[in-house]
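Here the structure comes first, spelled out in C-alpha cells, and everything after it is commentary.
The values are calculated or read from the model by the stated rules, or taken from the named source; none is laboratory data. Computed from a prediction, not measured in an experiment: that's the story for all the values here. Virtual Cβ from ideal backbone geometry, glycine too; neighbours counted across all protein chains shown.
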Amino acid sequence: MKIIHISAECYPVAKVGGLADVVGSLPKYQNKLGFETAVVMPYYENKFNQNNTYTIVHTTRIEMGDTQYEASVLALQSSKLGYPLYTVKIPGLLDREDVYSYPDDTERFLAFQKTTLDWFLHLETKPELVHCHDHHTGLIPFMMSKAHKYESLSDTPSVLTIHNAQYQGQFSFEKLHYFPEYDLSHSGLLEWAEQINPLAAAIKCAWKITTVSPSYLIELRAAANGLEWLLDNEKGKSSGILNGIDTEVWDPETDPMISKNFHSNTIDSGKRNNKLFLCDQFELDPKKPLFVFIGRLVGEKGAELLPEIFETLLKDSELDLNILILGSGDSEVEKQLDTLKARFKGNYNTYIGYDEKLSHLMYAGADFLLMPSRVEPCGLNQMYALRYGTLPIVRSIGGLKDTVIDIDSKGGFGICHEHTTVAEATHAVKRACGLYQDQTRFKKIRKQIMQIDHSWDSAATNYIELYQSLTHQN
Ligand code: ADP
C-alpha cells in the first residue's frame, strides 16, 4: 500500500512541537511493517535543508488569484530517515526559516497543498491513501473530492489526524479565488462560522478522522474551539489512536545528546551522571530533587500559572527542591520566569528558547517532569520522560489521562491532579517531594517506568488497520 503523509512539520527536517515527532517517526514504523510510506512537507530555508541534497521530481506553476508562483517538488537524496521525504519549494511563499506565524500563512499552506495535489496528478503510481495532519493540510480532502482539476483523485481515501484542534487556520471567503474550480454548491463544506475553516473542511471531507489519544476525542466533543458540534456529528468516522514514540531516537541507551547513556540496570548511575552534568551547567544542587518543565509557553500548557507555581514552591521553607525550565512562547511569561532567577539563584534556572539537545539531557537528568496542561491532545513529553526514568507529574487530561497512573492507584507510577490550578500543581509537587524522600520506592518506580512500552511498534498497527478498512472498501 502506498501511503503519503502530508504535514507542515516533520522531525528532523522542521520541528515546532509533537506534530513533527509523530510525522517524523510513524512512517518509519509503517515501512517496517511492510507498507510503502512517504512524507511530503513544505521546503523551509532551514539548517536541515541547507545541509542536505535534493533532486527535483516535479515542477509546476501555481496560481493564487492573479499571482503565479513557480513550484517544485524535491526528493531527499538520502535514506537516513527510514522513508522517502519530499519537500515542496515555492519561492516567494515557503522560502523562509520558520514554519508558522507569517501574515501570509493562508497563502503559503494553500499553495503547498495545491502543489502537492498537482504532483499527485503527475505521479505514475498514485498514492493509495493520503494521510493529512492538522489544518495546514486540511483543504486536501475537499480539493481531492470536489475540485474539477483533481477529479482523478476523488476515489483515493483520505485520513485526517487532529494533533491540535485549537488551531484551525480560518480565513475569509474573500480568498475563495485561491481555490481551484469546483461546483460552488459545495462551498458549505469549506465553511464554519461564516469563514473558510480548513480544519472543519477536513473533518467534513476526510474519509476517517483520528485524534492523537482516545480521551482527546471525547474531550473535543465538549471543547474544540467552536467545532464541538461538528466533531460530535462526525463521531461515526472518528477514532482516537494514542501516539507512539520513536524508540530509536529516544533511547537512553544510545542517545548521543545526553551526557551518559544508561538502561534500566544502570539507571542509578546513569541518571546521577546526567543530573550532575545538568546541575553543573545550570548552577543547581544535584542533591535536591530536580523538577523540570519542557514545552511551549502557551495557555494550553498552563504556562501563565508557572511563575506563581514556582514562586510558591521555592518560597516554601518546608520544601527543598530545584526547578529548571526549557521553553519559549508568551513573552510576558518568558519575562516572569526569567525574573525569578535572581531571587532563587542556586535552586532555579531557565533556558528560554528552543534546544533539542538540552531537552534530551533534561529528560535524562531530571527526577520529575511537570505538565500542568489545560489541554493535552496526546503529549509526548511524558512518554519521553518515562523512557528516561523521569516521573511525570500531570494534570489528568487528554493523552496525559491515557498514559499516566497516579502512584496511589494500582500499578501507579506518576503523580496526577484534576485541575490546572496553582494549588493543585503545587500540592502535586509536594507529594513528589514526599516520594523522593522514600528513595527505595522512588528508585523502584523509576526503574519500572523505563519498561513501559509506548513505541510505535504497536501503535503503528492501529493506523494500518484503519487504512485497510478504507482501501478494502474501495
Ligand atoms: P506540543 O506538540 O503541544 O508542543 P507535545 O508534548 O506533543 O506538545 O510535543 C512537544 C515536543 O516538542 C517534544 O518533543 C518536546 O521535547 C519538544 N519541545 C517543546 N518545547 C521545546 C523546547 N523549548 N526545546 C526543545 N524541545 C522542545
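For the reader, a short list of remarks on this structure follows.
- Residue list for the range 248-266, filter: within 11 Å of M450 (Cβ to Cβ) and hydroxyl-bearing (S, T, Y): S264, T266
- Among the residues of the range 384-420, those that are of a type in the set (A, V, I, L, M, F, W, C) and within 26 Å of T254 (Cβ to Cβ) comprise A385, L386, L391, V404, F413.
- A search for C-beta distances below 7 Å between a residue of the range 90-101 that is under 16 Å from G169 (Cβ atoms) and any residue that is among the small types (G, A, S) and crowded, with 22+ Cβ neighbours inside 10 Å, counting only pairs 6+ apart in sequence or on different chains, returns L93/A111; V99/A8; V99/A14.
- Residue match in the range 392-405 (condition: near the ligand (Cβ under 9 Å from one of its atoms), farther than 23 Å from S264 by Cα and in contact (Cβ under 8 Å) with a residue 40 or more places away in the chain): yes
- Tabulated pairs, the range 209-231, first at negative phi and without any contact (Cβ under 8 Å) to a residue 12 or more places away in the chain, second more than 16 Å from the ligand (Cβ to nearest atom) and part of a helix (DSSP H, G or I), C-beta under 8 angstrom, 6+ apart or interchain: A222/E228
- Among the numbered conditions (1) more than 11 Å from the ligand (Cβ to nearest atom); (2) surrounded by 19 or more Cβ atoms within 10 Å (Cβ to Cβ), the only one that L361 does not meet is (1).
Yes/no matrix, rows are residues, columns are (1) in the same structural domain as F413 (by TED's automatic domain parsing); (2) in a loop (DSSP other than H, G, I, E, B); (3) under 28 Å from Q166 (Cα atoms):
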{"site": "E311", "(1), (2), (3)": "yes, no, no"}
{"site": "E332", "(1), (2), (3)": "yes, no, yes"}
{"site": "Q336", "(1), (2), (3)": "yes, no, yes"}
{"site": "T339", "(1), (2), (3)": "yes, no, no"}
{"site": "K345", "(1), (2), (3)": "yes, yes, no"}
{"site": "L386", "(1), (2), (3)": "yes, no, yes"}
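- If you go through the range 1-40 and pick out every residue that is in a loop (DSSP other than H, G, I, E, B) and within 16 Å of the ligand (Cβ to nearest atom), you end up with 9.
- Test: residue in the range 357-379 that is more than 20 Å from E424 (Cα to Cα) and of a type in the set (D, E, K, R): yes
- Taking the numbered list (1) within 16 Å of the ligand (Cβ to nearest atom); (2) of a type in the set (A, V, I, L, M, F, W, C); (3) in contact with a strand residue (DSSP E or B) (Cβ under 7 Å, 6 or more places away or on another chain) in turn, A224 passes all entries but (3).
- Matching entry among I407, I397, I393 (being surrounded by fewer than 23 Cβ atoms within 10 Å (Cβ to Cβ) and outside the structural domain of V159 (by TED's automatic domain parsing)): I407
- Those residues of the range 41-65 which are in a helix (DSSP H, G or I) and either buried (at least 22 other Cβ atoms within 10 Å of the Cβ) or more than 16 Å from the ligand (Cβ to nearest atom) (or both), in sequence order: N49, Q50
- In the range 455-466, the condition of being outside the structural domain of G24 (by TED's automatic domain parsing), modelled with pLDDT of 95 or more and among the aliphatic types (A, V, I, L, M) is met by no residue.
- Residues of the range 255-311 classified as of a type in the set (D, E, K, R), within 16 Å of the ligand (Cβ to nearest atom) and either farther than 25 Å from G18 by Cβ or crowded, with 23+ Cβ neighbours inside 10 Å (or both), total: 1
- When we screen F112, F142 for residues that are within 30 Å of G329 (Cα to Cα) and buried (at least 24 other Cβ atoms within 10 Å of the Cβ), the only hit is F112.
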